[in-house]
Amino acid sequence: MREFEYVAPKTVKEALSLLATYKEKATILAGGTDVVVRLRDEIIDPEFIIDIKHIDELNGIKFDKKEGLFVGANATMHEIQNDKNVKEFYPFYAEACGHVGSKQVRNKATSVGNLCTASPLGDSLTPMYCLDATVVIEGPKGKREVPVREFITFVRKTVLERDELVLGVKFPYVECKGIYTKNARRHEVDLSNIVATILKIGDEYRIAYGSVAPTPIRLVKTEEFLKGKKIDDKVIEEAKKILATEISPISDLRATKEYRVSVSQSILENSLKALG
Ligand SMILES: Cc1cc2nc3c(=O)[nH]c(=O)nc-3n(C[C@H](O)[C@H](O)[C@H](O)COP(=O)(O)OP(=O)(O)OC[C@H]3O[C@@H](n4cnc5c(N)ncnc54)[C@H](O)[C@@H]3O)c2cc1C
């Protein structure tokens, strides 16, 4: 591993100034659970590591019913999983964060880091997709907000510029019932074969899947078909057929394409039956 300079700014302003100076030579470090692995494996080779963990402005989780939920960039999976408001109003997001890695990983890893890594199987992402969350970004030109569905553009690619920092993620407050499902080979410390969140809001459904395409996706055709329908066996069978046309999983070390399609359909069936 090449030597790098470690810098630990105390304010967002200071971090932005460092990013503006070092640009592509710098890598932002939050919990480090992706960055350190990628450094060790020499996938990345930065000259500067900018550790944002000491920036208090990026801490915390805020909620009220009017503004919704704001998850700061430094909020860890453990903090989100155990936050009183997340557990009450976004239980599927609490569960998602509780399924990342192990307890040790969750004590360091952030949900914003999970988002910025832009893996199609990021465990905390499908709740963001279902709720049409917004990514709050700051850069040299000021703040901007990007809908989460536009933030990740491909595997490990986002719209973030090299001199920008994600401040946090905003979730609207919506009265809904939701189910989060992770399918993996082991109960802990395993990446998802399939991950999904399905919400029922009034007589509509929001359906987001991970590990079925280069980015997490919303299954908009399946959602449209289910809108206003009473759930019975015939509707479920039709919905499963539509789902299969919307996903394009690959075969890899963890699962085959066929297995992923079949599991995705089972998750849909189980969730629809549970949500009614
Ligand atoms: C043993 C182990 C098990 C794991 N299991 C899982 C799992 O089950 N499910 C899962 O989804 N993931 C898993 N992961 C991956 C990892 O824990 C997550 O992706 C984690 O959420 C990343 O967050 P972090 O704070 O550690 O990010 P970091 O590693 O610090 O950063 C990740 C990326 O995001 C960028 N970044 C971070 N914060 C910001 C910001 N505020 N603004 C701009 N860019 C930023 C960094 O530059 C880097 O590119 C596992 C990792 C390990 C080591």
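The values are calculated or read from the model by the stated rules, or taken from the named source; none is laboratory data. No experiment lies behind these values; they were computed from the predicted model shown. Ideal geometry is used to build each Cβ from the backbone, glycine not excepted, and the neighbour counts take in all protein chains shown.
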- line: Restricting segment 69-82 to residues that are under 23 Å from LYS200 (Cα atoms) and buried (at least 22 other Cβ atoms within 10 Å of the Cβ), the one farthest from the ligand (Cβ to nearest atom) turns out to be LEU69
field: From the options GLU5, GLU95, residue that is at negative phi and either exposed (fewer than 15 other Cβ atoms within 10 Å of the Cβ) or not assigned by TED's automatic domain parsing to the domain that holds ILE152 (or both)
entry: GLU5
- prompt: Which residue pairs have Cβ atoms under 6 Å apart, sit 6 or more places apart or on different chains, and have a first residue in segment 197-223 that is under 15 Å from MET128 (Cα atoms) and a second that is modelled with pLDDT of 95 or more and of a type in the set (Asp, Glu)?
  reply: TYR205/GLU223; ILE207/GLU223; LEU219/GLU246
- prompt: In the set LYS87, LYS66, LYS62, which member is assigned to a strand (DSSP E or B), away from the ligand (no atom under 13 Å from the Cβ) and charged (D, E, K, R)?
  reply: LYS62
- request: Could you grab me the full set of residues in segment 1-51 that are farther than 19 Å from LYS108 by Cβ, in a helix (DSSP H, G or I) and among the charged types (D, E, K, R)?
  value: LYS13, GLU14, LYS23, GLU24, LYS25
field: CYS116, sole failed condition from (1) of a type outside the set (A, V, I, L, M); (2) under 10 Å from the mean Cα position of the chain (by Cα); (3) over 26 Å from GLU47 (Cβ atoms)
entry: (3)
statement: Note on ILE43: of the conditions (1) within 20 Å of PRO140 (Cα to Cα); (2) free of Cβ contacts under 8 Å to residues at least 40 places away in the same chain; (3) loosely packed, with under 15 Cβ neighbours inside 10 Å, unmet is (1)
task: Filter segment 14-36 down to residues that are more than 9 Å from the ligand (Cβ to nearest atom) and acidic (Asp, Glu) and give me whichever is farthest from ILE49 (Cα to Cα).
output: GLU14
